[in-house]
């Protein structure tokens, strides 16, 4: 999804299958959650510095 949006002039169509696209308030995540996939550590392993995700090419809304 990211590459399709980032390099939109290269692709005619894109599809998101199992994309990590729900990043609203991602910078507020903590590790004090019962489900690991909702933890800050997991999100940081995918997106890097969570404080910089909102206005970066890792945010599909920002890219669009």
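The values are calculated or read from the model by the stated rules, or taken from the named source; none is laboratory data. Every value quoted in this text rests on a predicted model; they were computed, and no experiment measured them. Every residue, glycine as well, gets a Cβ built from its backbone with ideal geometry; the counts of neighbours run over all protein chains shown.
One line per residue, one yes/no per condition, for (1) assigned to a helix (DSSP H, G or I); (2) in contact with a helix residue (DSSP H, G or I) (Cβ under 6 Å, 6 or more places away or on another chain):
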| site | (1), (2) |
| --- | --- |
| 8 | no, no |
| 11 | no, yes |
| 17 | no, no |
| 21 | no, yes |
| 24 | no, no |
| 34 | no, no |
| 43 | yes, yes |
| 58 | no, yes |
Going through region 45-56 in order, the residues found to be under 13 Å from residue 2 (Cα atoms) and either outside any loop (DSSP other than H, G, I, E, B) or touching a strand residue (DSSP E or B) at 6+ places or on another chain (Cβ under 9 Å) (or both) are 46, 47
Restricting the search to region 32-54, which residues are at pLDDT 90 or above and surrounded by fewer than 12 Cβ atoms within 10 Å (Cβ to Cβ)? 32, 34, 35, 36, 41, 45, 49, 51
For region 4-18, give me the residue count where each residue is at pLDDT below 85 and surrounded by fewer than 12 Cβ atoms within 10 Å (Cβ to Cβ). 2
